[in-house]
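Data first, discussion second: the structure below is written as structure tokens.
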Amino acid sequence: FSTFPGMPKWRKTHLTYRIVNYTKDLPRDAVDSAIEKALTVWEEVTPLTFSRIYEGEADIMIIFAVREHGDFLPFDGPGKVLAHAYPPGSGFYGDAHFDDDEQWTKDTSGINLFLVAAHEFGHSLGLQHSTEREALMYPVYDPLTDLTRFRLSQDDINGIQFLYGSPLVSPNDPVVPTESVPPEPGTPAACDPALSFDAISTLRGEILFFKGRHFWRKSFRTLEPEFHLISSFWPSLPSGIDAAYEVTSKDTVFIFKGNQFWAIRGNEMQAGYPRGIHTLGLPSTVRKIDAAFSDKEKKKTYFFAEDKYWRFDEKRQSMEPGFPKQIVEDFPGVEPEVDAVFKVFGFYYFFSGSSQFEFDPNAKKVTHVLKSNSWLNC
Amino acid sequence: YPLDRAARDKEDSMELVQQYLENYYNLAKDTKQFVRRKDSSPVVKKIQEMQKFLGLEVTGKLDSDTLEVIRKPRCGIPDVGS
């Protein structure tokens with residue numbers, strides 16, 4: 001992904017939009033719903049919310065026009081340029097213009113308005129083009145996009161969350177506290193040198209450190225982590241979990257406790273859970289797992305229990321043969337038992353009590369030993 | 001002699017690519033750039049930059065894949081620069 005030079009972004013999370021005029025290619029309500037759906041695509045993966053106004057100056061003014069239309073980028077007739085939009089800012093910045101010499105449609109028999117609008121609103125929010133072909137922000141229109149299964153690519157999500165962070169609270173959920181919980185007696189202290197964790201997972205570019213009934217939420221854009229009750233985001237999740245890991249290709253975090261596991265997307269519990277851990281292919285002798293992480297590049301998920309580990313093939317969706325193996329064999333320097341583990345910046349971070357081991361999977365060695373709470377800005 | 005068809009197509013492709021590179025890859029607007037120095041390195045470099053960005057084989061030449069992609073409908077915002 002890329003952002004515009006100077007990285008312009010909105011300094012507020014609530015934005016307004018106005019549909020100034022309409023194309024004659026579609027009924028008005030079809031245009032309204034395509035625009036609304038295109039904004040929802042970005043709303044679902046950021047803290048941003050959008051509301052429509054019908055007069056005056058909105059942050060995102062939406063117009064249909066042909067040829068010369070009052071800015072310095074005249075349209076060019078049917079084909080070639082379909083639309084353009086400007087990065088965040090006042091005046092015409094943030095606005096989205098659609099070439100009405102195109103045939104705008106609800107399907108892909110012409111130019112699909114929803115798809116182009118979702119792309120253009122990526123610009124209105126501060127994203128420039130992506131070099132990834134499957135990304136919405138790739139500059140060339142793909143008429144073969146399967147609209148019934150449209151989803152932002154991980155690159156799109158990484159880009160927009162680089163600018164605005166993740167929702168963790170879906171916009172249509174009841175108001176859920178996002179301010180940190182003040183530390184009460186009995187709650188874990190982030191800078192306690194003896195601090196250990198139950199589980200750690202990445203989530204949409206952030207890192208969640210679970211402990212008892214709480215978790216710290218660490219974003220790379222802020223120094224201070226937030227501190228929350230697990231139940232304030234996921235009421236049906238148990239406390240004192242054993243393990244957690246994110247499968248980014250599914251935009252899902254899996255949470256383990258005892259012989260069960262749950263699936264969450266953002267802060268929404270996925271239906272059909274909890275499931276038994278043995279459905280993953282772990283032997284019945286394993287009563288619970290201690291830690292787990294998923295390696296996006298290798299498309300493998302690692303499960304750690306006592307002094308052993310298993311490896312799950314995310315492509316084949318099955319446990320790999322030849323496991324379990326001894327942790328110390330393949331992760332020399334890491335002390336079993338492992339409390340928690342996650343992968344970021346190409347390193348595996350193992351946590352055991354108040355110690356943290358940074359492991360380089362290429363060099364196959366521990367490169368740093370740190371305090372477990374080093375990520376919490378102590 | 002009138003341009004034969006192949007030469008005319010080649011001419012059209014040159015103009016199309018020059019326009020594309022000017023619009024989306026910050027190629028300086030110098031109309032003689034192509035005609036006078038069609039293999040000039042600034043243009044070749046820009047073609048390579050465009051091919052790399054769009055995930056094409058980086059040949060620096062106007063091969064059929066490249067011409068096919070630049071004829072596809074797209075967003076009007078540049079791929080590089082402001």
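Just so you know, all these numbers are worked out from the coordinates, no wet-lab data involved. Quick caveat: nothing in here was measured; it's all calculated off a predicted structure. Positions of Cβ are backbone-derived with ideal geometry, glycine not excepted, and every protein chain shown enters the neighbour counts.
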Reachable lysines, given that their alpha-carbon falls under 21 Å from the alpha-carbon of A:Lys211 and they are not under 8 places away in the same chain: A:Lys257, A:Lys288, A:Lys343, A:Lys371
Most positive-pole-ward Cα, A:Leu127, A:Leu203, A:Ser354, against dipole of chain A from beta carbon charges: A:Ser354
Förster radius 25 Å - calculated FRET efficiency between A:Arg28 and A:Ser51 (Cβ-Cβ, nearest 0.05): 0.85
Inter-label distance for B:Asp63 and B:Gln19, nm, one decimal - labels placed 7 Å from Cα along Cα-to-Cβ: 2.5
222 nm mean residue ellipticity, helices alone, for the protein assembly as shown (DSSP H n ≥ 4; -39,500 (n - 2.57); rounded to 500): -6000 deg cm²/dmol
Distant-in-sequence amide H partners of A:Leu203 (H built 1.01 Å from N, under 5 Å): A:Leu208
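Give me A:Tyr273, A:Tyr138 sorted ascending by neighbouring Cβ count inside 10 Å, so fewest comes first.
Details: A:Tyr273 14, A:Tyr138 23.
Lowest to highest Cβ neighbour count: A:Tyr273, A:Tyr138.
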Relative contact order %, segment A:1-129, counting alpha carbon pairs below 8 Å whose residues are six or more apart: 33
Between segment A:200-218 and segment A:287-365, the alpha-carbon center distance in angstrom: 18
Nearby lysines by direct alpha-carbon distance to B:Lys46 (threshold 17 angstrom, same-chain neighbours under 8 apart not counted): B:Lys29, B:Lys32, B:Lys38, B:Lys61
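Loop by DSSP (not H, G, I, E, B), at most 10 other beta-carbon atoms within 10 Å: where is the longest site-free stretch of chain A for chymotrypsin sites (Phe, Trp or Tyr not before Pro)? Could the numbers behind the result be given before it?
On the way: sites that count: A:Tyr54, A:Phe72, A:Phe345.
Answer from the scan: A:73-344.
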Whichever aspartates and glutamates have a C-alpha closer than 20 Å to that of A:Lys106, once near sequence neighbours (fewer than 8 apart) are set aside: A:Asp25, A:Asp29, A:Asp32, A:Glu36, A:Glu120, A:Asp142, A:Asp146
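Among the DSSP beta bridges whose two residues both lie in the protein assembly as shown, what percent are antiparallel, rounded to the nearest 5? Each step should come with its number before you reach the end.
Details: 64 of 79 bridges.
Counting only bridges with both partners in the protein assembly as shown, antiparallel ones make up about 80 percent.
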